[in-house]
Every structure is written in structure tokens, then in C-alpha cells.
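The structure appears right after this line, and notes come after that.
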Amino acid sequence: MKLKDLGFWFRDFWAEFRREGSGLVGLALLILFLLVTIFENPLLPFKEANTRWRDITYWQDNPINAPPVWSNLFAAKKAARTANLDRGTRQELTNEEGETFVTESFIYHFKADKAPLDIIVHSTLAGSVPLTVEVQRPDGTTLQISQRYVEYDSPTPVRFSVNNDSKDSLFAFLKLHEAQANLSRISSGSIRSTEILFNKAREGMAASFEALKGDYRFTIKAQVLNREQFSMDDTRLVVTGSVSGLLGTDNMKRDIFSGLVAGLKWALFIGLFTSAVSVLIGVFYGIMSAYFGGIVDTIMQFIYQIFVSIPLLPVLIVVSAVFKPSIWFLIGVMVIFFWPGSVMTVRSMAFQIKEETYIEAARALGAGHRRIIFNHMAPLLIPYSFASMALSVPSAIVYESSVSLLGLGDASIVTWGQILHDAMLGNAILNGLWWWVIPPGLAIAIMGMTFAFLGFAMDRILHPKLRTR
């Protein structure tokens, strides 16, 4: 098939395809999936989600089992949202005693009805550094919530958590306003620091939370003892809210939306690569079976009947349990059992094509078997296999998800099946964590629906007899 002929064929195909509504919907969804895959990095809220999906320390600032941010729309009392404050105001000050301090200030505008779960400060420090963290509340009160001394020979990341490291300071603040009778029932270890910090100062604040809304100024102050050794960089503030991200978090604090975006490319790759390789093998297998005929056809059909009668899912489960599962291993096994899908259709068409006059003419001119199969028969039959490719993509995605759901998938990559497996282990359904189950399940369904729409549309176009059904 020449390039010019291919262009004519594509124009005719497109003229027919655009009349198929379901096919256009499938094409639009496929283009959307491809765009998300291409622009994955800008879309990922957590840029290292692909490589650090199972690294607990990477997600430690997120809330655990937090619902999506938009769930606030349906709540009577609004929860604080997770936020990252990366840009602070940096100053260098010298007091009357000649002591030099470097400060980094962040303003957090609190407007929710529920307190954040935590406030976390990150910085990279070097040298001998007396470090202080202060917060100025909207009511004018300034609290010193942490004071520590760090000493590092080289720049070292430092993490400070208000909820864990400020209990004593905030309990002292609570004692200034709470009645002594109420304090007898609580201790510094039993309070949640943020519920005191963001609470209105009043008697009874230990028993109930009344949000003090407004601007909170958090200041990280480091004293410079040795200018040559001192450094303070990459300071930032993380507000850990009780709602987080577009699709919430799981029980390991991982962002579900990041997992879905990271898993999209693997779903496309598994589906497209498996279907393309298996269908191409099936096409050439069917062509050769029909072309040679006789005993060759009988033997090839016997082999075909063996493979087509073996159930794939039990085989996948067994081999994944016995051998170390990897994505390439799963794809290889699926290809081995997927190729019979297009054999019979191609074989029946190849029987007709091999009797055509131009095939007889090619034989008369001395063309060999290889030339006839690859130059004359395959170019006519491969376009008709596109529908089979599209229709086999959902099966490959579902099989991989099924194996991963059982814990037998490739744990080194992020797939939608792996997310569902973790949800099953975390009892997501029993705990009401619907955002951990519905999004990956819905993504698998939409991906399957996309290629099913494309496959049915191409089937009707490439096999005109189906139009009457």
C-alpha cells in the first residue's frame, strides 16, 4: 500500500468515522488521556509520585484518610484545607546587644470552622543555630511555640510539627485562660495543639472549639552565631488540613489524584502495547494458516484451539504467585493468550483473498510465499484488525487490575489496580473512604468504555455487514 493510497483510505475512513457518535466520544476521551499523559508532570501535585509512591516520608505532611477539598461544599462546618506556603518574607535583624537573627515569616489566612490537623515547618540549616518558632494570632497575642538548638556541619533538612512539638507551650497558653477545675481533667500530652492555637482565648476553650478566624503570622527565627558556617534555606510552611487535594488521601497519606494521573500512562501502555502485539501476531497467524492450508492449517488450528480454551485469569494468578511479578512479565503472559482473538476472522478473510486473481498473478511471476503474505495479503488485512486492537485494550487493563487487586502485580510502579489493592487492605469500604475506591474504579471503567466505543465504531465501518444489526 503506497503512501498516497493510505491517505485516500484514511480520508474515506474519517468520513465514515465522524458519523459514529460513540466513536467520536471515544476519540475525544482518548485524546484527553493522551494529553494528560503528555503533560503529566505539570498536572501532578506531587512531582515524585511515580518514584516515591510507597515512600512514607514523602507523604508525611499530608493528612491521613482526608476527603477531597470539594467535600467542604456539602459540610455544615467547613474544614481547613491543606496548603503549602512556599514563599515567606525573609529579614536579617540585629538587636541592641549586637546579636544577629535571620527570620522567615509566613502569613496563613484561617477562615475555616475547624482547626487544621497540624502546622509543619521545613527548613535546611547549617551551623550552630538557636532556633525559635513564633506565631502571632489575629487577637494580637504572640506565642513562642518552639525553641531548640541545632548543630550541623553541612546543610541538613529540619522538620518541626506544631501538633507534636508545641504541646507544652500551648498548654501553658491554655492555663492562662482556662479554669483550674477544667485543667484537672487534661494534660499537655492529651491536647491537640492546633485546636488551642486556632481557638478563641476564653474559659472553656479546652472543652469546645470556637474558631478564631483571621491572619496568623508564623515566624521562624534563627540566631547567627558564626556567619561562615550559618545557612538557612528552603524554608516553607505546610498547613495540614482535614480535607486535601482533588480526590483526598489514603491511609498512608498519599494523594489519590497524583496516583490516578501517574497510573494513567501505565493503563494506556499496558492496554495498547498488549493489544497491538497480540493482534499483529494473531493476524499473521491467521494469514499463514489460510494461505498454506492443508496439514499446516490443521496443525495451526489445533494449536489455536488449545490456547483459546485456556482461561487467562487463573493462569495469570498462578504464574504471578509463583514468579516475581513485573509489568513486562504480565504483558508477556497476556500476549501469549490474547493472540487467538483475531485469528478466525483474519483466517476467513485470508481464504477469500488468496483466491484473488492478483495473488495467482504474483505466483505466476515467481513471487515467494513471504512476498505474497507480507506485500499482498497483510496490507489488506491489518486495517481490519484495528477494531480488534481497540476492543482488546479494555481486557488487558482489566486483567492487570485484577491481578494487582490480588496483590500480585508489579509493586514498583503506580497502577490503578495497585491503588484498589491498597484500598482493599485498608478496609476503605468499611471505613467509608469512598474517594479511595470510586475514582480508580471509575477510571478503569472509563478507559475500557473509551476503547470499546472506538472498537465498535471501527467494527461497523470496517465490517459493513454489521451496519444492518
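The values are calculated or read from the model by the stated rules, or taken from the named source; none is laboratory data. What you see is a predicted model; the values in this text were computed from it and never measured. Positions of Cβ are backbone-derived with ideal geometry, glycine not excepted, and every protein chain shown enters the neighbour counts.
Some observations on this one:
- Residues located in segment 48-76, provided they are touching a strand residue (DSSP E or B) at 6+ places or on another chain (Cβ under 9 Å), in contact (Cβ under 8 Å) with a residue 24 or more places away in the chain and surrounded by fewer than 17 Cβ atoms within 10 Å (Cβ to Cβ): Gln60, Ile64, Trp70, Ser71
- Checklist (1) within 16 Å of Phe110 (Cβ to Cβ); (2) of a type outside the set (Asp, Glu); (3) surrounded by 20 or more Cβ atoms within 10 Å (Cβ to Cβ) applied to Gly259, failing item: (1)
- Of all residues in segment 349-387, exactly one satisfies the criterion of being among the small types (Gly, Ala, Ser), touching a helix residue (DSSP H, G or I) at 6+ places or on another chain (Cβ under 9 Å) and more than 27 Å from Phe10 (Cα to Cα), namely Ala367.
- Condition check for Gly417: at positive phi and either part of a helix (DSSP H, G or I) or not β-branched (Val, Ile, Thr) (or both): no
Okay, residues lined up against (1) in the same structural domain as Pro394 (by TED's automatic domain parsing); (2) modelled with pLDDT of 90 or more; (3) within 17 Å of Asp250 (Cα to Cα):
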site: Met424; (1), (2), (3): yes, yes, yes
site: Ala428; (1), (2), (3): yes, yes, yes
site: Trp435; (1), (2), (3): yes, yes, yes
site: Ile438; (1), (2), (3): yes, yes, yes
site: Gly441; (1), (2), (3): yes, yes, yes
site: Ile444; (1), (2), (3): yes, yes, no
site: Met449; (1), (2), (3): yes, yes, no
site: Phe456; (1), (2), (3): yes, no, no
site: Ile461; (1), (2), (3): yes, no, no
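- Summed over segment 6-47, the residues that are exposed (fewer than 12 other Cβ atoms within 10 Å of the Cβ) and within 17 Å of the chain's Cα centre (by Cα) give a count of 5.
- Picking from residues in segment 263-319 that are of a type in the set (S, T, N, Q) and within 24 Å of Ser402 (Cα to Cα), the one that is surrounded by the fewest Cβ atoms within 10 Å (Cβ to Cβ) is Ser309.
- Residue check: Tyr384 meets all listed conditions (1) crowded, with 21+ Cβ neighbours inside 10 Å; (2) touching a His at 6+ places or on another chain (Cβ under 9 Å); (3) more than 27 Å from Val322 (Cα to Cα) but one, namely (1).
- In this structure, Gly214 does satisfy being surrounded by fewer than 17 Cβ atoms within 10 Å (Cβ to Cβ) and either farther than 19 Å from Trp434 by Cα or of a type outside the set (Phe, Trp, Tyr) (or both).
- Scoring Val135 on the criteria (1) in contact with a Ser or Thr (Cβ under 8 Å, 6 or more places away or on another chain); (2) within 14 Å of Asp234 (Cβ to Cβ); (3) of a type in the set (A, V, I, L, M, F, W, C) leaves a single failure, condition (2).
- Qualifying helices (runs of 4 or more DSSP H) (wholly inside segment 274-367; at least 1 residues being out of contact with any Cys (no Cβ under 8 Å at 6 or more places or on another chain) and within 30 Å of Ser412 (Cβ to Cβ)): 294-308, 312-322, 327-338
- Residue within segment 89-110 that is closer than 15 Å to Ile196 by Cα and surrounded by 13 or more Cβ atoms within 10 Å (Cβ to Cβ) present: yes
- For Gly432, the criteria (1) outside any helix (DSSP H, G or I); (2) touching a residue at least 60 places away in the same chain (Cβ under 8 Å) hold in every case but one, which is (2).
- Qualifying residue in segment 223-230 (condition: touching a Ser or Thr at 6+ places or on another chain (Cβ under 7 Å), polar (S, T, N, Q), in the same structural domain as Gly88 (by TED's automatic domain parsing) and part of a helix (DSSP H, G or I)): no
- Only one entry in Ser146, Ser123 is modelled with pLDDT under 90, under 38 Å from the mean Cα position of the chain (by Cα), over 30 Å from Asn72 (Cα atoms) and small (Gly, Ala, Ser), namely Ser146.
- Some residue of segment 191-213 being within 23 Å of Gln144 (Cα to Cα), of a type in the set (A, V, I, L, M), over 33 Å from the mean Cα position of the chain (by Cα) and part of a helix (DSSP H, G or I): yes
- Residues located in segment 120-173, provided they are assigned to a strand (DSSP E or B), more than 15 Å from Phe230 (Cα to Cα) and of a type in the set (D, E, K, R): Glu134, Arg148, Arg159
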